Amino acid sequence: MNEIKVKLQFLIPSLPRAEKIVAKYMLSHLEQISDMTIATLSEESKASEATICRFCKRMGYNSFVQLKQDFAKAALEVEEEVRKPKAVTPGDSLVNIFDKVVDSITYSLSNTRTFFSEDYDRALDLILNARSVYFFATGDAQAICQWAGFKFNRVGVPTSVCTDVIFQYETAMRLTKEDVVIAISSSGRSINVVKATKLAHENGAKTISITQTGKAPLIRYSDINLFTSVADMTIGRDSVTKRVAELAIIETFYLGIIERGPLDYETMLQNTMTSSDMNK
């Protein structure tokens with residue numbers, strides 16, 4: 001049931017007003033939906049049956065009956081318990097704070113898993129067939145890009161990390177259909193990242209975004225959108241959980257490259273180990 005709840009919460013901000021009413025009602029009555037007819041739901045939510053049908057299709061179902069079946073299955077499943085994170089308080093010991101950090105990371109990764117789709121396979125294919133891969137980001141997301149650059153280059157994927165704003169724009173204008181851009185912005189609204197991704201997209205490059213919201217400027221210029229769902233306990237929205245979710249996605253691609261790519265990755269990784277030993 002948590003998976004359906006996460007999807008509803010994710011969709012609500014980007015929905016038309018009428019469908020938003022349906023989604024909010026479902027979110028508030030998760031346990032009752034499987035027992036309702038479409039006529040009952042229409043009456044209770046004050047939304048038309050046509051609106052409910054449109055919303056079901058947006059959720060990925062062909063009919064309201066299909067949606068009901070998933071709600072019924074979800075109600076019967078015994079899900080692995082994932083503790084919802086709690087905010088850190090002044091009286092917490094360091095071990096309590098650590099436990100809360102772990103809970104927030106586990107909760108966020110579990111919710112991010114909800115949005116896993118065939119788009120990941122499509123994105124991996126683009127990466128494997130790219131002439132070069134470019135990472136665009138700003139702020140602390142650049143640390144994720146630098147780490148990704150090390151990993152990808154290590155296994156033979158030519159990768160550049162553009163951290164300077166002007167260099168991002170210059171690079172974006174030079175890209176072609178043979179290149180791939182991976183843009184990381186939790187909000188999807190980082191103006192520099194959005195502009196650079198737009199330029200790359202207009203020049204024919206394939207663009208992949210990693211972001212937290214389905215209603216943001218960045219997704220308009222992305223061929224593939226990969227979404228995270230993060231529990232942020234901090235005032236400054238600088239929680240490590242959003243970076244961990246992005247790291248998990250990058251690591252998934254890295255391991256996917258090794259398993260599905262055409263090169264001799266065993267030799268490449270052995271060379272990495274040899275290089276490390278030479279530095280000792």
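All of the numbers you see were taken from the coordinates with simple rules; none came from a lab. Keep in mind that what you see is a predicted model, and the values were worked out from it rather than measured. Glycine gets a Cβ as well: all are built from the backbone with ideal geometry, and neighbour counts include every protein chain shown.
Pick out, in residue order, every one of the trypsin sites (Lys or Arg not before Pro) in segment 181-213 that is DSSP loop and has at most 15 other C-beta atoms within 10 Å; say none if there are none.
Working: sites: Arg189, Lys195, Lys198, Lys206; in loops: Arg189.
Answer in residue order: Arg189.
What distance in nm lies between label points placed 7 Å from Cα along the C-beta direction at Ser48 and Tyr61?
Label-label distance for Ser48 and Tyr61, simple model: 2.0 nm.
Considering Cα pairs under 8 angstrom that are at least six residues apart, work out the relative contact order of segment 1-97 and quote it in whole percent.
Over segment 1-97, the number comes to 25 percent.
Which residue, Ile219, Ile127, Ile97, has the most motion in a Gaussian network model of the chain that connects Cα atoms within less than 10 Å?
Evaluated over the chain, the most mobile residue of the options is Ile97.
Considering Cα pairs under 8 angstrom that are at least six residues apart, work out the relative contact order of segment 130-197 and quote it in whole percent. Let's see the in-between values first.
Values: 90 pairs, mean separation 31.9, N = 68.
That works out to 47 percent.
Let me know the whole percent of all Cα-Cα pairs from segment 137-268 that are separated by more than 27 Å. Write out the running numbers ahead of the final one.
Details: 1494 of 8646 pairs.
Cα-Cα pairs of segment 137-268 separated by over 27 Å account for 17 percent.
Whole-Å semi-axes of the chain's equivalent ellipsoid, largest first, each the root of 5 times a Cα gyration tensor eigenvalue?
On the way: eigenvalues 273, 114, 71 Å².
Calculated on Cα positions only, the semi-axes equal 37, 24, 19 Å.
Taking Cα pairs under 8 Å and at least six residues apart, what relative contact order does the chain come out at, in percent?
Details: 392 pairs, mean separation 47.1, N = 280.
So the answer I get is 17 percent.
Around Glu202, with a cut-off of 15 angstrom between Cβ atoms, what is the net charge of the other residues, counting Lys and Arg +1 and Asp and Glu -1? Display every interim value, and only then the final one.
Values: positive: Arg174, Lys177, Lys195, Lys198, Lys206, Arg220; negative: Glu170, Asp179, Asp223.
So the surrounding residues net to +3.
If the viscosity is 1.306 mPa s and the temperature 10 °C, what Stokes-Einstein diffusion coefficient in µm²/s follows for segment 184-231 when Rh is the Kirkwood radius over Cα pairs? Please report the intermediate quantities before stating the final value.
Details: Rh = 10.4 Å.
D = 152 µm²/s.
Can you compute the modelled spin-label distance between Asp164 and Thr252, with each label point 7 Å from Cα toward Cβ, in nm?
Using points 7 Å along Cα→Cβ, the separation is 3.4 nm.
Calculated FRET efficiency, Lys84 and Glu266, Cβ-Cβ r, R0 45 Å, to nearest 0.05?
Details: r = 42 Å, r/R0 = 0.92.
FRET efficiency, Lys84 to Glu266: 0.60.
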